[in-house]
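Trainee: Below you'll find the structure I mean.
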Amino acid sequence: MNISRRRLLILLPAAAVAWESVLAGTPESSPNYKMSEHWWSMLIDIPKCIGCGNCVRACQIENDVPEGYFRTWVERYHVTDENMTSPDVMSPNGGKDGFPSVMEDHGKYFFVPKLCNHCADSPCTQVCPVGATFVSPDGVVLIDQKYCLGCAYCVQACPYGCRYIHPEKRVADKCTLCYHRITKGLTTACCEACPTGARQLADLKNPNDPIHAFLKTHSVQVLKPQMATGAKVYYNDLDGSVR
Amino acid sequence: MGVFKDAGHLFRFTGLFVLAFLAFLLIRGYVVPKTFGQYGHYRAAAIGEIAGRPVKFAGHKACEDCHTDIVDVKMKGKHAHVNCEACHGALAKHADDPTSMTPTKPDTAVLCARCHTASAAKPTGFPQVNPADHSNGVPCETCHNPHSPAIDGGGAK
């Protein structure tokens, strides 16, 4: 085969590109974990939440969440009979230190733990201009912090207010559903620390997960269903006043 | 060469175009991360990087492996479904190497009150007390075993 100098010069870069793609290979994954076999979600059982703040503290420890920022937080709602649609909502320090005691019993109170809803059709991943945030094949919304520019488009796009710009790293940060734990067969830090079982990690692709029986027999909602985000944090017995 | 006569400038231009295109491919090959686009419009390797982070809460199974005596007591009481680390804190380091760190005993005055202080905001079925009226400053564990708190349930100290 006769290759002229010119031909060679043209072919070399092409070969280099081809070789690069060969070298790329497949990314490393946990040995016994198959992404295609899971579709993660979370169940929040409102009547079980006592507002202790254990989940908020556990999350901050597990994920090194900076002080004053929250990947999960707890809100306390106070709905009075006269004003059903505009509840009084409080979340002092994200509920991290618990809530002040209430003595009078006027109207109803309940706690709503919040976190990233790990939406299947998430608005936050759609607005990222560089592909730094995405829904993983197992249904977890993640951020590639090496790739993130910190433009905060996603922070604005999230209808649930679940993202923030990390004050030191200057990139977007949010709940990863403790991806480093659930891929090792553990539950999330918030679920691990919840004393009443108000938060439960659920795998919708696992036919033996108790979530399926629960969803069949309970009145379950997601937050802001009208936004069609495909939210996967299911709230049992959620009051209509919660926004 | 009838048709291609005086077409040398076109060949040169085409050659230049092809070279520029190859240069583009080459630069793109280096600049775009290797796993970008494998699963979607993102760097697939980021998934492995996030999954590889170290764990701080060991999980209940790790506790069960060694502390069977306490787990047995706990399983018979009201706190059966409260995980160890809900009260004792993140102890993956202790689970990996028990000698490297030992957990400090939580202060029951703070710990118990966190969940069991009476508030109208809490679900009505949840056991709640006003700590000052209930014990008048006597530490909770004087009467209750935190691992099985009911006094008549064999959990009393």
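Trainee: Out of the helices (runs of 4 or more DSSP H) lying entirely within the stretch B:41-87, which hold 3 or more residues that are surrounded by fewer than 18 Cβ atoms within 10 Å (Cβ to Cβ), more than 7 Å from chain A (Cβ to nearest Cβ) and of a type outside the set (A, V, I, L, M, F, W, C)?
Mentor: B:60-66, B:68-76
Trainee: Let me ask something else about it. Any chance you could count how many residues in the stretch A:125-172 are free of Cβ contacts under 8 Å to residues at least 40 places away in the same chain and not in a loop (DSSP other than H, G, I, E, B)?
Mentor: 15
Trainee: Which of the residues belonging to the stretch A:188-226 are of a type outside the set (A, V, I, L, M, F, W, C), closer than 22 Å to A:LEU238 by Cβ and assigned to a loop (DSSP other than H, G, I, E, B)?
Mentor: A:THR188, A:PRO195, A:THR196, A:GLY197, A:ASP209, A:PRO210, A:HIS218, A:SER219, A:LYS224
Trainee: Filtering the stretch B:116-144 down to residues that are of a type in the set (S, T, N, Q) and in a helix (DSSP H, G or I), which residue is farthest from the other protein chains (Cβ to nearest Cβ)?
Mentor: Among residues in the stretch B:116-144 that are of a type in the set (S, T, N, Q) and in a helix (DSSP H, G or I), the one farthest from the other protein chains (Cβ to nearest Cβ) is B:THR142.
Trainee: What do you reckon, is A:PRO207 within 12 Å of another protein chain (Cβ to nearest Cβ) and over 28 Å from A:GLN145 (Cα atoms)?
Mentor: When the stated conditions are applied, A:PRO207 does not pass them.
Trainee: Okay, moving on. Can you find a residue in the stretch B:12-20 that is in contact with an Asp or Glu (Cβ under 7 Å, 6 or more places away or on another chain) and either more than 22 Å from A:ARG199 (Cβ to Cβ) or touching a residue at least 40 places away in the same chain (Cβ under 8 Å) (or both)?
Mentor: Within the stretch B:12-20, not a single residue is in contact with an Asp or Glu (Cβ under 7 Å, 6 or more places away or on another chain) and either more than 22 Å from A:ARG199 (Cβ to Cβ) or touching a residue at least 40 places away in the same chain (Cβ under 8 Å) (or both).
Trainee: Can I ask one more? May I ask you to say which residue of B:HIS116, B:HIS147 is in contact with a Gly (Cβ under 8 Å, 6 or more places away or on another chain) and assigned by TED's automatic domain parsing to the domain that holds B:GLU64?
Mentor: B:HIS147
Trainee: Also, I was wondering about something else. Among the residues of the stretch A:36-54, how many are polar (S, T, N, Q) and in a strand (DSSP E or B)?
Mentor: Qualifying residue count for the region: 1.
Trainee: Out of curiosity, is A:THR229 modelled with pLDDT of 95 or more and farther than 17 Å from A:THR125 by Cβ?
Mentor: Considered against the rule, which asks whether it is modelled with pLDDT of 95 or more and farther than 17 Å from A:THR125 by Cβ, A:THR229 comes out as no.
Trainee: State all residues of the stretch A:47-59 that are at the interface with chain B (Cβ under 9 Å from one of its Cβ atoms) and of a type in the set (A, V, I, L, M, F, W, C); if no residue qualifies, say none.
Mentor: A:CYS49, A:ILE50, A:CYS52, A:ALA58, listed by residue number.
Trainee: Follow-up question, since we're still on this one. In the stretch A:90-102, is there at least one residue being among the polar types (S, T, N, Q) and at pLDDT below 95?
Mentor: yes
Trainee: Looking at A:GLY139, A:GLY98, which is the one that is within 15 Å of the chain's Cα centre (by Cα) and crowded, with 17+ Cβ neighbours inside 10 Å?
Mentor: None of the others qualify; the one that does is A:GLY139.
Trainee: Moving on. Across the stretch A:55-85, what is the number of residues that are touching a residue at least 12 places away in the same chain (Cβ under 8 Å), farther than 12 Å from A:ALA189 by Cα, in a strand (DSSP E or B) and not hydrophobic (A, V, I, L, M, F, W, C)?
Mentor: Here the count works out to 6.
Trainee: Just one of B:LYS34, B:LYS61, B:LYS5 is basic (Lys, Arg) and in contact with a helix residue (DSSP H, G or I) (Cβ under 6 Å, 6 or more places away or on another chain); which is it?
Mentor: None of the other options fit; the residue is B:LYS34.
A quick yes/no check of all residues on (1) among the small types (Gly, Ala, Ser); (2) touching a helix residue (DSSP H, G or I) at 6+ places or on another chain (Cβ under 8 Å); (3) within 13 Å of chain B (Cβ to nearest Cβ):
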{"position": "A:ARG76", "(1), (2), (3)": "no, yes, yes"}
{"position": "A:ASP105", "(1), (2), (3)": "no, no, yes"}
{"position": "A:LYS108", "(1), (2), (3)": "no, no, yes"}
{"position": "A:LEU115", "(1), (2), (3)": "no, yes, no"}
{"position": "A:SER122", "(1), (2), (3)": "yes, no, yes"}
{"position": "A:PHE134", "(1), (2), (3)": "no, yes, yes"}
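Trainee: So if I check each of A:CYS154, A:CYS148, which one is surrounded by 24 or more Cβ atoms within 10 Å (Cβ to Cβ) and either more than 8 Å from chain B (Cβ to nearest Cβ) or touching a Phe, Trp or Tyr at 6+ places or on another chain (Cβ under 8 Å) (or both)?
Mentor: Testing whether each residue is surrounded by 24 or more Cβ atoms within 10 Å (Cβ to Cβ) and either more than 8 Å from chain B (Cβ to nearest Cβ) or touching a Phe, Trp or Tyr at 6+ places or on another chain (Cβ under 8 Å) (or both) leaves just A:CYS154.
Trainee: Only residues that are assigned to a strand (DSSP E or B) and in contact (Cβ under 8 Å) with a residue 40 or more places away in the chain: list them for the stretch A:87-107, please.
Mentor: Result: A:PRO87, single match.
Trainee: Next up: Which condition from (1) surrounded by 15 or more Cβ atoms within 10 Å (Cβ to Cβ); (2) at positive phi is the one that B:GLY137 breaks?
Mentor: Of everything listed in (1) surrounded by 15 or more Cβ atoms within 10 Å (Cβ to Cβ); (2) at positive phi, B:GLY137 misses just condition (1).
Trainee: Would you say B:TYR30 is of a type in the set (Ser, Thr, Tyr), touching a strand residue (DSSP E or B) at 6+ places or on another chain (Cβ under 9 Å) and within 12 Å of chain A (Cβ to nearest Cβ)?
Mentor: Criteria not met by B:TYR30.
The values are calculated or read from the model by the stated rules, or taken from the named source; none is laboratory data. Treat the numbers as computed from the prediction; the structure is a model and nothing was measured. Reconstructed Cβ throughout: ideal geometry from the backbone, glycine too, with neighbour counts over all protein chains shown.
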